[in-house]
Ligand SMILES: N[C@@H](CCC(=O)N[C@@H](CS)C(=O)NCC(=O)O)C(=O)O
């Protein structure tokens, strides 16, 4: 059975949890709390030298880190990942967008506010992350103004990857009220079969 090392307060880990649930794939969840440094033990570093969750154990000794690589591994060939070549590439486009243009600003702001208590020494970071975070939300909102879902008007792992930290963006100080298309899309995702909240 697949094993997942992760913590459900992390959006990156929640993405994997939601994908497994919606695909009805059995798995064992091994709670691993990054805030408590449980990803930095010698045992964990032997499995993922990058010291981060989520981590998928496919078979004994066969590990896959990086949330969006895990989503692709799980969903490829299923209803959550289109097989059409262009649509498939568009899914990857949004997964890369999430990791490069969205998560580094929106997830990190949430981490500083929710888990570190928004300390004064991180205010310069918070200020620096605001503009690119807003840009990412604008990109999403503009696309969703004319699309029901991110790719091919069908719910996919692209939506799961972007849902994870967008729906809790407020916890990082990003107000979603100026983005009606995002708010409607978040509601559509919550209506999907076997949806589970974070
Ligand atoms: N790009 C990675 C990011 C993973 C990541 O940043 N994980 C955090 C929790 S959300 C973590 O494990 N941090 C622990 C650390 O860096 O020590 C992914 O998408 O999986």
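Readers should treat all values here as calculations from the given coordinates under stated rules, not as data from a laboratory. This is a predicted model, so every value here is computed, not measured. Cβ placement follows ideal geometry from the backbone for every residue including glycine, while neighbour counts extend to all protein chains displayed.
Laid out as a table, the results:
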| item | result |
| --- | --- |
| Förster radius 30 Å - calculated FRET efficiency between residue 33 and residue 73 (Cβ-Cβ, nearest 0.05) | 0.80 |
| Percent antiparallel among DSSP beta bridges (both partners in the chain, rounded to 5) | 60 percent |
| Part-to-part distance (alpha-carbon centres) for region 1-62 and region 85-123, which is given in Å | 18 Å |
| Burial ranking of peptide ranges 156-166, 110-120 (average Cβ count within 10 Å, highest at the top) | 156-166, 110-120 |
| Rg/Rh (Cα only; Kirkwood hydrodynamic radius) as it applies to the chain | 0.96 |
| Contour excess over end-to-end distance, with Cα ends at residue 115 and residue 1 and 0.36 nm allotted per residue | 37.9 nm |
| Rel. contact order, % - alpha carbon contacts under 8 angstrom, at least six apart, region 17-136 | 14 percent |
| Over region 85-190, relative contact order from alpha-carbon pairs under 8 Å, at least 6 apart, % | 37 percent |
| Per residue Cα convex hull volume in Å³ - calculated over region 8-98 | 103 Å³ |
| Alpha-carbon Rg with Dmax, taken over region 85-190, Å | 13.9, 47 |
| Residue-span extension gain [residue 58 to residue 125] - 0.36 nm each, minus C-alpha spacing | 20.5 nm |
| Histogram of C-alpha separations across region 64-118, 5 Å bin width, % | 4, 18, 20, 19, 15, 11, 7, 4, 1 |
| Estimated FRET transfer efficiency when R0 is 35 angstrom, pair residue 87-residue 195 (beta carbons, to 0.05) | 0.95 |
| Inter-probe distance in nm under a simple model that places probes 7 Å from Cα toward Cβ, at residue 96 and residue 23 | 2.1 nm |
